[in-house]
Amino acid sequence: MPDSSASEKITRPSGRSRFAMRVRAFQRYAWTLITMPNLMERCLRVAKRELGANGVRGLLGYTRRLLVSGATPYEADEFYRAWIEECEALTDIDRAAIGRHIAAMAYKPLISVVVPVYNTAEEPLRAMVASVQAQLYPHWELCLADDASPSPHVVRVLAELAAADPRIRWMRREKNGHICAASNSALELATGEFVALVDHDDLLPEHALYEIVAELNAHPDTDLVYSDEDKLDEDGLRYGPYFKPDFSPDLLLGQNMISHFGVYRTSVLRAIGGFREGYEGSQDYDLALRVVQYSGATRVRHIPAILYHWRQERKGGSFSQSQLDKCVAVARRSIQDYLDATTSHANTSLHGVARGAVVANPLISTWSRVKWDLPAPPPLVSVIIPVTGRFELARASVQQLLNKANYPNLEILLVDQGGEQVVPSDDSRVRAVTLPSDLTAPALMNAAARLAQGEVLLWLAPEVEGIGADWLTEMVSQVMRPDVGVVGAKLLFKDGHVQHAGMRLGAVVDAKDAAFGLGIAQPLGYRHRRTDVGYFGQLALARDVSAVTDACLAVRREVWNAVDGMDECHLKGAFLDVDFCLRVQEAHYRVLWTPFAELFYRGSPVHGSALFSVSNSDIFADGQYMRQRWGRYLAADRFYNVNFDACGADFMLAKFRRRAYPWLPWAEGGKVEKSVSL
């Protein structure tokens with residue numbers, strides 16, 4: 001039975017709302033009957049596609065995602081096509097604005113589009129070349145290397161295309177060397193300042209290179225630019241968009257988040273030796289890891305736009321589709337190489353001297369997990385539980401920490417305000433602390449932190465209880481990495497559904513938030529199953545987020561001190577965790593969420609704070625301050641793609657253009673039709 005304390009409070013809609021809901025339900029039912037034959041055909045087609053690409057487990061996961069969103073496979077495809085039409089399709093006004101922007105650019109680098117070719121069918125090969133020739137940005141060259149294709153049409157087509165367009169350069173290798181050798185041969189032809197990687201049968205939208213160059217003009221020190229991507233089925237229909245977050249070093253260690261469309265500074269590729277032979281099947285992943293190692297995370301930029309269409313072959317003919325196990329093994333070798341290199345060269349490392357080992361991800365074996373070692377000796381962790389008279393409520397949490405959590409060096413502080421101390425344990429590692437009753441929530445947290453002795457502070461709500469032996473070790477090993485400031489965990493209701501998997505900013509998803517007009521933050525993954533991997537692994541992979549809940553928040557003391565703890569001046573008790581995490585990032589530390597530290601949350605969904613009771617007036621006042629202080633961040637969460645609906649369920653597509661497109665200032669009147677600038 002689900003824990004009754006974890007159930008959601010449901011507000012009965014008004015009579016007018018119920019009538020409108022019935023009307024919409026009737027319209028939906030009627031439309032379903034009318035389109036039933038087409039619906040069944042499309043459902044079977046989508047099921048076949050998912051089964052072929054990802055197997056039975058992938059099909060089941062896709063079905064669960066549809067159930068959570070309330071959509072059918074037909075509607076999921078239709079949603080994306082509607083998004084393409086409303087939010088992506090370029091008008092003549094857009095193209096004219098892009099042309100004016102290109103003419104005004106101070107920096108117009110030559111982009112070398114590098115393509116290894118092997119036995120490509122003639123039609124998709126010509127389509128790929130045509131998509132490059134159709135680019136709105138004119139300063140490009142196409143560098144193709146034929147890897148000794150046995151089919152005679154490949155040489156004929158390449159020679160014909162090169163003869164007709166001087167921007168196309170090609171060569172034929174004398175013998176087949178596989179993808180890495182062929183890619184290096186194509187790279188040798190490149191004369192541009194940047195190299196764009198394209199597969200021999202994929203497509204670029206007409207504005208792809210323009211978007212890249214616009215980003216390079218805005219951020220000229222960039223060494224690597226990547227974009228969002230989608231897939232093409234055997235009929236040329238687009239599906240499966242991956243709207244990515246901004247760069248997250250840890251997400252890159254779990255999956256190849258760069259993938260398509262990746263554009264690299266040519267001098268960097270040559271400095272690291274190009275593609276490494278022996279890493280076929282994961283060559284792009286290996287290249288991205290080595291570029292990040294060489295250049296650092298600050299020189300990686302993300303464009304939140306679909307700039308690449310990845311063709312899925314009918315019979316899984318590509319190496320990465322047909323030999324998945326080999327690709328995964330090579331990917332893990334690349335990740336371990338990266339970890340070994342960054343560990344032994346602390347001055348250029350993203351992770352300082354922390355040592356990590358790559359293993360299979362327990363939720364989906366094709367992705368990876370990095371297990372970081374604890375420092376020796378393990379640091380003292382001060383687990384701070386603000387009980388405010390709820391000592392008995394904290395008993396389960398305390399007992400789990402003392403008897404089941406496999407961490408050797410901790411203290412537990414039970415913090416109360418003016419009440420009677422009833423310590424739920426006689427263990428010497430547990431002590432009760434009474435603070436003045438007139439302290440505000442942030443003042444209480446700052447006072448408690450001063451009394452704690454640990455190098456790591458772990459804030460824990462009394463309703464939260466750890467699961468298993470390793471959750472605390474996981475959090476401490478992550479937070480002790482020099483570039484990481486805050487670490488959050490995966491919180492579950494007692495019925496096994498997710499309560500918290502990081503936060504997304506600027507979300508308004510229920511009536512209470514809408515009434516207050518707040519839109520500050522909401523938990524990701526809410527009510528997903530414990531084993532769900534989420535949208536492209538967002539519930540299964542360690543990753544950067546903008547904020548985590550203070551119901552379970554780990555921070556190094558040096559980071560806590562660097563940002564002066566919680567804000568006592570402007571906040572009374574709501575949104576302390578969100579404000580704290582944003583100030584930590586402002587101080588150039590990262591906020592990390594890990595799915596490998598799991599805890600039960602026995603409380604009810606809360607607004608404003610998981611640690612303290614906050615009045616509606618305080619929520620309203622603190623929300624107003626948050627919007628004034630952090631409005632720019634709330635409007636566009638770096639780690640939640642701007643193409644998603646800020647007011648809808650997780651990872652639902654926006655219904656209008658939310659992104660400020662780079663050509664907007666060059667449109668007539670500074671505005672493009674159908675565009676909304678944040």
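Of all residues in region 212-252, those that are assigned to a helix (DSSP H, G or I) and open to solvent by less than 20 Å² (accessible area, probe 1.4 Å) total 8.
For region 562-575, the tally of residues that are within 22 Å of Ala489 (Cα to Cα), out of contact with any Leu (no Cβ under 8 Å at 6 or more places or on another chain) and touching a residue at least 60 places away in the same chain (Cβ under 8 Å) stands at 2. Filtering region 147-182 to residues that are touching a Ser or Thr at 6+ places or on another chain (Cβ under 9 Å) and in a strand (DSSP E or B) leaves Arg169, Met171, Arg172.
So that you can scan it fast, the table gives a plain yes or no per residue for (1) open to solvent by less than 10 Å² (accessible area, probe 1.4 Å); (2) modelled with pLDDT of 90 or more:
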position	(1), (2)
Ala507	yes, no
Ala514	no, no
Leu518	yes, no
Pro523	no, yes
Leu541	yes, yes
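State whether one or more residues within region 102-117 are open to solvent by less than 20 Å² (accessible area, probe 1.4 Å), assigned to a helix (DSSP H, G or I) and either closer than 18 Å to Pro205 by Cβ or modelled with pLDDT of 95 or more (or both). Looking through region 102-117, at least one residue is open to solvent by less than 20 Å² (accessible area, probe 1.4 Å), assigned to a helix (DSSP H, G or I) and either closer than 18 Å to Pro205 by Cβ or modelled with pLDDT of 95 or more (or both).
When the criteria are applied in full, Val132 meets the requirement of being hydrophobic (A, V, I, L, M, F, W, C), under 34 Å from the mean Cα position of the chain (by Cα) and over 26 Å from Tyr279 (Cα atoms). Can we say His570 is farther than 22 Å from Arg638 by Cβ and open to solvent by 10 Å² or more (accessible area, probe 1.4 Å)? So His570 fits the description; yes.
When region 608-665 is limited to residues that are of a type in the set (Phe, Trp, Tyr) and in a loop (DSSP other than H, G, I, E, B), the one that is farthest from Val383 (Cα to Cα) turns out to be Trp663.
Within region 285-299, residues that are open to solvent by less than 30 Å² (accessible area, probe 1.4 Å) have Cβ atoms under 7 Å from residues that are among the charged types (D, E, K, R) and not in a helix (DSSP H, G or I) in these pairs: Asp286/Arg276; Val291/Asp223; Ser295/Asp223, counting only partners at least 6 apart in sequence or on another chain.
Conditions (1) part of a helix (DSSP H, G or I); (2) open to solvent by less than 10 Å² (accessible area, probe 1.4 Å), marked per residue:
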site: Ala396; (1), (2): yes, no
site: Gln399; (1), (2): yes, no
site: Glu411; (1), (2): no, no
site: Ala432; (1), (2): no, no
site: Asp438; (1), (2): no, no
site: Leu444; (1), (2): yes, yes
site: Ala448; (1), (2): yes, yes
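How many residues are surrounded by fewer than 20 Cβ atoms within 10 Å (Cβ to Cβ) and either touching a helix residue (DSSP H, G or I) at 6+ places or on another chain (Cβ under 8 Å) or among the aliphatic types (A, V, I, L, M) (or both) if we restrict to region 182-191? Count: 1.
Sort out which residues of region 172-181 are touching a residue at least 40 places away in the same chain (Cβ under 8 Å) and open to solvent by 20 Å² or more (accessible area, probe 1.4 Å), and write them in order of number. Matches in region 172-181: Asn176, His178, Ile179. Applying the set (1) out of contact with any Leu (no Cβ under 6 Å at 6 or more places or on another chain); (2) open to solvent by 10 Å² or more (accessible area, probe 1.4 Å) to Ser131 leaves exactly one unmet item: (1).
The values are calculated or read from the model by the stated rules, or taken from the named source; none is laboratory data. Fair warning: this is a prediction, and the values are worked out from it, not measured in the lab. Counting neighbours? That spans all protein chains shown, and the Cβs are built from the backbone with ideal geometry, glycine included. Protein only, heavy atoms only, side chains kept; ligands, DNA and RNA dropped before computing areas. Shrake-Rupley method; radii C 1.70, N 1.55, O 1.52, S 1.80 Å.
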